[in-house]
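The block underneath contains the structure these notes are about, expressed in structure tokens.
The values are calculated or read from the model by the stated rules, or taken from the named source; none is laboratory data. On a predicted model such as this, the values are computed, not experimentally measured, just so you know. Note: ideal-geometry Cβ built from the backbone for every residue, glycine included; neighbour counts use all protein chains shown. Surface areas here come from the heavy atoms of the whole protein model, side chains and all, with no ligands, DNA or RNA. Shrake-Rupley method; radii C 1.70, N 1.55, O 1.52, S 1.80 Å.
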Amino acid sequence: MSSVLTPQSGRLAAQRIEVGIRHLSCAGAAAPLAARIKRVPGVQDALVNPITERAVVVFDPGVVGAEEIVHQIAETEGADVGWSTARWHLRIGGVTCGSCVARIERVVEAVSGVQAAIVNVAADSLTVEYTPRHTDLETVRAVVKGEGFTLGTRSNVPPATSGSAGQPVDPSVREFRSLMRKFWLAAVISLPVIFFSYPTLFGLTDVLPAGSISLRIVWGALGVLTLPVVFHSGWHFYTGAWSAFRHRTADMNTLIAVGISSAWLYSTVAVLVPSLFPSAELAEVFYDVTAVVVALVVLGQALEARAKGRSSEAIKKLIGLQPKTALVVRGAQEMTIPVEEVVTGDVVLVRPGERVPVDGEIISGTSALDESMVTGESLPVEKGVGDKVIGATINKTGSFRFTATKVGKDTVLSQIIHMVEQAQGSKAPIQRVVDQVSSYFTPAVLILALLGFMAWYTFGPEPVLVYALIVFVTVLIIACPCALGLATPTSLMVGVGKAAENGILIRSGQAMETAHKLDIIVLDKTGTITRGEPSVTDIVALDGQTEEEVLRLAASVERNSEHPLGEAILSGARDRELTLGEPTNFEALPGRGVEATVGGRRVTLGNRRLMEERGYGLGDLVVAAERLADEGKTPMFVALDGTVAGIVAVADTVKEDSRSAIAALQAMGLEVVMLTGDNERTANAIARQVGVDRVLAEVLPETKAEQIRTLQSEGKRVAMVGDGINDAPALAQADVGIAMGTGTDVAMEAAGITLVKGSLRGVVAAVMLSRATMRNIKQNLFGAFIYNALGLPVAAGLLYPAFGILLSPLIAAAAMAFSSVTVVTNANRLRRFQLKGV
């Protein structure tokens, strides 16, 4: 959970800390320790993870301090406490391009107690990893403000559908509207400025002859007319440039501010003191450059802001899915209450067409639910008593009642939103390189512009000063690194959002980037390839018996059993709606089977060893039993009054789509490996069913991570897919850990990617999306680099000697705006990416 700010006070309403706990006495001590921490006044939630040896605590800093929480943990016998980090995820204002990023991150990371700072240009967010006892938000806020930027509340707040009274307006919409107002002012003023700046072009030489006093007066009026453009529409360029200058650096604002100021000042001197220029040709005005460049750049920023807003639509859609009210049953009364007031244990009524307000378990009624917005599954899912329901999913048909099990921040939707926010605020490794390049790029452009000015002033044709000024301004404007800074984070935002829409939760930009370079996918067998629970697969009946009777006898004996295989037989009998007998004289035979009297007859259920001990003849059933065992199934013989009647085979069955998903991964060039603790015979049987060639069998839970390291030592990038607590070390060791959403919280905490729906098709989709996102990022970076590589030489006048081509500052401004919009628009193409065959 990220820290949250209250808009009224600007203070933190909740903080989250992670405390390392070494030498915890045992895994069983985790729950009591969590309960003890929760009893501390001001603590809102606590989770102790014995695998990662961390305690995650959410608390109200106005009631209790982080020191007190750590003290409570340290008092626990056997617990050795070490500080870890908390995280803020905040909206930052004033970041106009990628060149600002390195400066902000550098100064924030210099604050004592801050471990890392990540600025996301596309999301307008700042994520800060910090040690709570060493720093606080106000310290960071002061440092950021000193750099000329502002910190707001937590980013990705729910957008309002309109700006009516009492409803907040989405910041991206507010920014777009503000920039468009500035654009229209500059655009309207630009029209007369262009018209009167070129009297010869528009046939005004009779009225305003060259060198006349009247022309000078009109041009002076144009200078005054452009002041609102400079001091209103373009003022944010100056504030940004001044802030950068005070910190001995330069950014996109510096380039624009210096460019338009140079054009305006040159023009003003030419109007007021034309005698300073050696010829009348030099006493020309460039007010049109000032006005039009501001208009075009601001328009580009506005379009960029709108496109960036669309880039985060996935998170907005997720937030918008949350129902506002819930119909709960308290006592004998039904009442509609805000969803925030639903508490664990409430009985909630859901009618057809309504959204499920919170997570829970059905206690009465049946229905079909559309869970596509959470799991990515397009078909409605049938639900009945005992089934779990997910908040925000849509009830399609019947009515039902359920008991609320998770509310507020604990719901699946809330956790998805948090994970998506966290991932969208993170950085892919490639972005760090781009940010570093951007930090050096702007000063280099300033130097290049000055060198270009001097070269044209020294060696250029007449009027040298005019040409030198045009080159200077054009180089500054066309080289703005906005497109470079937006290339990676915008694609990452869209890709992470698209993944969330398909039930794939990507924890970080690093996981997204690494997934496209994978060589091997390691699949845990139980619960990943298979369903994770045994079921009846085959029934073999001898002459004189039916399959139903053999299963009925076996299930009747197991009626009071708690053994997993016995529960599977009982479940198979219930599915066939068989009437079971009541067992008496029940006897468990450890390692061999069970025996009981059913309907006055003695029924024995067990393995081959038990049958041979009793001297029961198996006949042709031996061959059938061996065949079933070769298929990875467990055959159990059923004997009636000393005569074998048949076999019931039980196995952990393969999920319906495992084979097709594995085939899809192999078609993508990935090697698929199955990892299991089962014996080699069973493992190979499952591998044959799903088409896996490489099997690592009889692997102990504690050595799974070692197997991953062995594969990595082959020079391969490895992903591990699992769902259990014993998979957590391997998930953490892998280059990318992928946890099945049907698994444990510990496994999901250790993974970089979580699949909400427990299907291997999610692995296929995750790799496809990673490849598509990285391809999109590379397209953006290539376009941004090529734009600058080609644009800068042309702006500097490299084509003039051979072709007489000298780029206009107006065209440079349009090209610069177009490059940024193109990058963001290309990133948004990912929203239409189709997961074919998934």
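Odds and ends about this structure:
- Residues Arg771 and Arg601, FRET efficiency given R0 of 60 Å [Cβ-Cβ distance, rounded to 0.05]: 0.45
- Linear extension gain, Lys836 paired with Arg609, 0.36 nm per residue minus alpha-carbon span: 76.7 nm
- Rolled with a 1.4 Å probe across the full set of protein chains, the surface gives Thr488 an accessible area near 0 Å².
- The calculated FRET efficiency for the pair Ser535 and Glu582, based on their C-beta separation and a Förster distance of 22 Å, comes to about 0.35.
- Theoretical FRET efficiency, 1/(1+(r/R0)^6), r = Cβ-Cβ of Arg829 and Thr546, R0 60 Å, to 0.05: 0.50
- Estimated translational D of region 433-531 in µm²/s (Stokes, Kirkwood radius over Cα pairs; 4 °C; 1.567 mPa s): 72
- Placed amide H near Asp45: partners under 5 Å, 5+ positions off or other chain: Val58
- With all protein chains modelled, accessible area of Phe818 [1.4 Å, Å²]: 140
- Per residue convex hull volume, Cα atoms of region 540-612, in Å³: 97
- Between Val433 and Gln333, the modelled labels are 6.5 nm apart [label points 7 Å from Cα along Cα→Cβ].
- Solvent exposure of Glu567, expressed as accessible area, is near 100 Å², computed with a probe of 1.4 Å over the protein chains only.
- Which of Trp264, Trp235, Trp219 is most accessible, then next, and so on - probe 1.4 Å: Trp235, Trp264, Trp219
- Gained length - Leu589 relative to Ala221, 0.36 nm times residue gap less alpha-carbon distance: 122.0 nm
- Share of carbon and sulfur in the accessible heavy-atom surface of region 522-606 [1.4 Å probe, %]: 42
- Percent RCO, i.e. relative contact order, over region 753-838, from Cα pairs under 8 Å lying at least 6 residues apart: 42
- Local charge for Met720 was computed over the other residues whose Cβ lies under 10 Å away, with Lys and Arg +1 and Asp and Glu -1, and equals -2.
- Distance (nanometres) between label positions extended 7 Å along Cα→Cβ at Thr344 and Ala35: 1.2
- Listed values for region 102-108 are Karplus-derived 3J(HN,Hα) couplings in whole Hz (6.51 cos²θ - 1.76 cosθ + 1.60, θ = phi - 60°), namely 4, 5, 5, 4, 5, 6, 5, and x replaces Gly and Pro.
- Rough spin-label spacing in nm, given labels placed 7 Å along Cα→Cβ, for Glu656 and Ile786: 4.5
- Difference of contour (0.36 nm per residue) and Cα-Cα distance, Phe459 to Ser364: 25.4 nm
- Peptides 769-775, 177-183 ranked from most to least packed, by the mean per-residue count of other Cβ atoms within 10 Å: 769-775, 177-183.
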